[in-house]
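The values are calculated or read from the model by the stated rules, or taken from the named source; none is laboratory data. Since we're looking at a predicted model, the values are computed, not measured. Every residue, glycine as well, gets a Cβ built from its backbone with ideal geometry; the counts of neighbours run over all protein chains shown. Ligands, DNA and RNA are excluded from the accessible area calculation, which covers all protein heavy atoms including side chains. Shrake-Rupley method; radii C 1.70, N 1.55, O 1.52, S 1.80 Å.
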Amino acid sequence: RGQMPAAQITQGWFIEGFHAPRRQVWVWGAGHVGRAIVATLAPLPDLHLTWVDTDADRFPPVPAGVTPLVAANPALLVPEAPATAEHLILTFSHALDLDLCHRLLGHGFATLGLIGSASKWARFRSRLIGLGHPPDRVGRIICPIGDPALGKHPQAIAIGVAGALLNRTKDQ
């Protein structure tokens, strides 16, 4: 009937609904901020996290419900992401961050957040427009991510990111 069944026992079978996360979140980078964000977001029921880095050794124990991906050049994984995914870019490399932004602008996304300062964002904005992306499309990138008023500690950034993500859920 298109409705989630309530848990029940029917004819000797235990029946319960299957909950599939409705939002895909891709976290690019397994450094301190990436670890804090994944630890904060992983328990949320409507999210499926894909966590990407260049080296398997950079991942701590990966929480349940999180898919780790390792690639020498993570930007090559952009086509694997759903065009409706939400992305958080926080790698160790400005060059990789720029490449990811460039490829995701061409690929499509629901939201795209980039860790960085106002000066990093100014440089990226200029370079992305120089690569041919329209200013209004580049303007969809959120930089900095989180809530700067909370501070720069990885957990403070993670709390700000989670709050923004949950607020977007309410608005949808």
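One table, with the values for the structure above:
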read-out: Projected label distance in nm at T84 and I15, using a 7 Å step from Cα toward the beta-carbon; value: 2.6
read-out: Computed Rg/Rh of region 1-151, alpha carbon atoms with Kirkwood Rh; value: 1.07
read-out: Dipole magnitude of the chain, debye to nearest 20 (Cβ charges: Lys/Arg +1, Asp/Glu -1, about Cα centre); value: 440
read-out: Cβ-defined net charge surrounding R125, 13 Å radius [Lys, Arg +1; Asp, Glu -1]; value: +3
read-out: Extension gain (nm, one decimal) between R137 and A72, 0.36 nm per residue minus Cα-Cα; value: 20.6 nm
read-out: Charge-dipole axis of region 34-171 as Lys and Arg at +1 and Asp and Glu at -1 on Cβ define it, positive-most pick from L47, G139, G160; value: G139
read-out: Under 12 Å, Cβ to Cβ, from L112 - net charge with Lys/Arg +1 and Asp/Glu -1; value: +1
read-out: Accessible area (Å², per residue) of region 51-149, counting only protein heavy atoms and a probe of 1.4 Å; value: 48
read-out: Environment charge of A42, counting only residues whose C-beta is closer than 14 Å and scoring Lys/Arg +1, Asp/Glu -1; value: +1
read-out: Rounded, prolate or oblate (a/c below 1.5 giving rounded, otherwise prolate when a/b exceeds b/c) for region 17-86 by Cα gyration tensor; value: oblate
read-out: Rounded FRET efficiency, nearest 0.05, which uses the C-beta distance separating A64 from W121 and R0 of 25 Å; value: 0.15
read-out: The chain - share of DSSP beta bridges that are antiparallel (%, nearest 5); value: 10
read-out: With every protein chain in place, region 34-172: carbon and sulfur % of accessible area (1.4 Å); value: 59
